[in-house]
Amino acid sequence: MPTRPHCHLVGVAGVGMSAIAQALLDVGYEVTGSDRDFDAGRALLVIDQLSRSGVCFVPQDGSGIRADTEALVVSTAIEHDNADVKSAHEQGVPTRHRSEMLWMLARRRRCLAITGTSGKSTVTGMVGHILTETGHDPMVVNGAPLLNWKTDTHVGNFRAGQGAISVIEADESDRSLLHFFPERAVITNASADHFDLPATEALFATFAAQVKRDLVDAWREPETFCPQTVECTAEGVSFSYAGQRVRMPVMGEHNASNAALAMEACLRIGVSASDAAQALAGFRGIHRRLERVGHASGVAVFDDYSHNPAKISAACLALRPHYARLHVVWRPHGYGPLRNMLDELVTAFGVHLRGGDHLHALPVYDVGGTADRSVSHLDFIAASTAAGLDARACEDYADVCDALAGWASAGDAILVMGARDPFLPDLARQLLARIAAEGVG
C-alpha cells in the first residue's frame, strides 16, 4: 500500500491550525503537530480532541520533520528561529503558510470565503450551519468552534462534508486572505484593528477583486443587507429579513446583522429564506463569541473573544440593557495592538461602562518572541482611570476570582474578554464555580 503524504503543523493547538489539521486528516494526510502548550504539559482540551482525531503530537524541537515530509505548515505567529522551521529548512522541506494549505483544500469545491474585521467567524459558522441543515453537506473551516458541533471529542471548527461547497473563514489580520480566489465571498465590515483603516480598506478591495462570481459586500454596501425590526432580549434576538421573521437563541443586535449576511449568502446559493430562518432558529452560537457560560446566585457569566474596540462595543451593547451592572475582565492579546489602539480601547469601554460597573485588566498575553514590551496592562489601567472608569489591574486569575466573587451581586453580568489566551474560557468557568460555591452579597 502507498504511504500517506505527511504534513507537520507548528502550533497545531491554535484554533486556525487545528482546523487545518483536521481538514488534512480528512483528505488522507498523515498529520503530526507540535505546540508549546503540549511541551509545557498544559492540559488543553483541544490537544486531547486532536489526538483522538488522529494528530500525532511531538515536541517542538524539530523532530517532527522527516525526509518524506511534504510540507511544514506554519501561521504568521511562528518565528523564523522556531526549531521546526529550522529543521525543515535544513532538510529541504517546503514551508507553507496555513492559508496556502487552506486554499489547496477549499478550491477542490465551490468556495465561499467570509472575511471582515468583525463577525467573520460567526457569519462563517452561520453559513455552515444553514447549509448543513438544508442538505448541502458543506466542508467548513472556521476560525472558531460552533457550539452545535463542539463536543468533548470534537473541536467544532471543522466539518468534513461531502457536498460541492466549501465554506471558509478568510483571515485579514496577516493579509493571508489574499491567498484565496473564491467563487463567492462575504465581507462583513472594515475597521481599524491589525492595520489602520486605509490599509484595511485597501486590503479588502484587493480581496474583493479576486472573487470570481458573487460578493455580499456589507463593507461598501452596509444598508443593503440590514436586518429589520430587530428585537433583543436576554434570551436571544429576533429580526426580519427577506420576508421572514428569524428568532435565534444568541444575544445582540450585531448577531442579527451577522445572520442577515449569512442568510443573504445562502439565498444566493439557492437556499430558501424560510429554510434559512428555520435553520438559524437552531443555531447555538460560536465558542467564545458572547458565549453564555452559565448563571449562579443570580449572576450571569459570559465568555467572549473581543479584543478590538468594535467587538468590545458589540459585546457590551448586547449585555448592557439586561443586567444591573457589568463586571468586565479583559486581557490584551498583544503588545502591538494594545499600543496602537490604547486610546480607542479606553473610549470603547468608557462609552459602555457606567457607575457601578467594574473593569479589570490582566497582563498582556505574551507569546514570546521579539515583541516590543514597552507597554503593559498598567498603561491601559492608568488611561482608563484617567477617563473616569473604575478600572483595576489584576496580575493573575486568582486576583480576578477574588475581586469578582466579592463584588458581583444578583442581577449582574460578568464578561470575560480577550483573544489568544487559551485559558480564558477556564477563567470564566472558575468564576462561575466560585460564585456558585460562595454566593454573592
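Rounded to the nearest 0.05, the FRET efficiency derived from the C-beta distance between Arg42 and Ser374 at R0 = 25 Å is 0.35. By the Cα gyration tensor, the range 95-237 has an equivalent ellipsoid whose semi-axes, rounded to whole angstrom, run 22, 21, 15 from largest to smallest. Over all distinct Cα-Cα pairs of the range 209-302, the Kirkwood formula returns a hydrodynamic radius of 14.4 Å. If R0 is taken as 30 Å, the Cβ-Cβ distance between Val27 and Glu201 corresponds to a FRET efficiency of 0.30. Kirkwood radius for the range 1-145, taken over all pairs of different Cα atoms as the inverse mean of 1/r, rounds to 16.0 Å. Calculated translational diffusion coefficient of the range 204-260 (20 °C, 1.002 mPa s; Stokes-Einstein with Kirkwood radius over alpha-carbon pairs) equals 170 µm²/s. Taking only protein heavy atoms and a 1.4 Å probe, the accessible area of the chain is 50% carbon and sulfur. Note that the chain presents 39 Å² accessible area per residue, ligands and nucleic acids not counted, probe 1.4 Å. Annotation: amide H-H contacts under 5 Å for Gly143 (H modelled 1.01 Å from N, sequence separation of 5 or more, or interchain): Glu169.
The Cα atoms of the range 1-82 cover 37, 28, 20 Å along the three principal axes, with the biggest extent listed first. Close amide-amide hydrogen proximity is noted between Gly294 and Val301, each under 5 Å apart and 5 or more residues distant or on a separate chain (H modeled in the peptide plane; Pro and chain starts excluded). With the helix formula -39500 (n - 2.57) applied to DSSP H stretches of n ≥ 4, the chain reaches a computed 222 nm mean residue ellipticity of -11000 deg cm²/dmol.
Close amide H pairs (under 5 Å, H built 1.01 Å from N) link Cys111 with Ser166, Glu183, Arg184, residues at least 5 positions away or on another chain. Taking θ as phi - 60° and the Karplus parameters 6.51, -1.76 and 1.60, the scalar couplings of the range 414-429 work out to 10, 10, 9, 9, x, 10, 6, 5, x, 9, 4, x, 5, 4, 4, 6 Hz in sequence order, x denoting glycine and proline. Using the Cα gyration tensor of the range 93-168, with a ≥ b ≥ c the square roots of its eigenvalues, what is the shape: rounded (a/c below 1.5), prolate (a/b larger than b/c) or oblate (neither)? In terms of gyration-tensor shape, rounded. How large is log10 I(q)/I(0) at q = 0.16, 0.18, 0.21, 0.25 Å⁻¹ when the Debye formula is applied to the Cα atoms of the range 44-119, each weighted equally and without solvent? Each listed q corresponds, in turn, to -0.79, -0.95, -1.11, -1.20.
Here the 3J(HN,Hα) profile of the range 56-65, calculated from phi with Karplus coefficients 6.51, -1.76 and 1.60 at θ = phi - 60°, is 9, 7, 9, x, 8, 10, x, 6, x, 8 Hz, Gly and Pro shown as x. Per-residue packing, averaged as other Cβ atoms within 10 Å, sorts the ranges 135-144, 223-232, 4-13 into the order 4-13, 135-144, 223-232, beginning with the highest. Convex hull volume of the C-alpha atoms in the chain, normalised per residue: 140 Å³. Binning the C-alpha pair distances of the range 375-441 at 5 Å intervals from 0 yields a P(r) profile of 3, 15, 23, 23, 20, 12, 4, 0 %, listed from the shortest bin outward.
The modelled label-to-label distance for the pair Phe181/Ser297, using points 7 Å beyond Cα in the direction of Cβ, is 6.0 nm.
The fraction of all Cα pairs in the range 301-393 landing in successive 10 Å bins from 0 to the largest distance is 16, 54, 25, 5, 0, given as whole percents.
Taking every lysine pair in the chain that is 8 or more places apart or spans two chains, those with Cα atoms closer than 24 Å amount to 4. What the phi angles of the range 316-327 give under the Karplus curve with 6.51, -1.76 and 1.60, with θ = phi - 60°, is a coupling list of 5, 4, 5, 8, 3, x, 10, 9, 5, 9, 10, 10 Hz, glycine and proline written as x. Could you compute how fast the range 160-259 diffuses translationally, taking Rh as the Kirkwood radius over C-alpha pairs and applying Stokes-Einstein at 20 °C with viscosity 1.002 mPa s? Give it in µm² per second. Estimated via Stokes-Einstein, D reaches 139 µm²/s. Peptides 250-260, 390-400 ordered by packing proxy, namely the average of other Cβ atoms within 10 Å per residue, highest first: 250-260, 390-400. Multiply the residue separation of Asp214 and Thr385 by 0.36 nm, subtract the distance between their alpha-carbon atoms, and state the gained length in nm to one decimal. Once the chain is fully extended between Asp214 and Thr385, it gains 56.8 nm.
The values are calculated or read from the model by the stated rules, or taken from the named source; none is laboratory data. What you are looking at is a predicted structure, and each value in this text was computed from that prediction instead of being measured. Don't worry about glycine lacking a Cβ; one is built from the backbone with ideal geometry, like all the others, and counts go over all protein chains shown. What goes into the accessible areas is simple: the full protein's heavy atoms, side chains included, and nothing from ligands, DNA or RNA. Shrake-Rupley method; radii C 1.70, N 1.55, O 1.52, S 1.80 Å.
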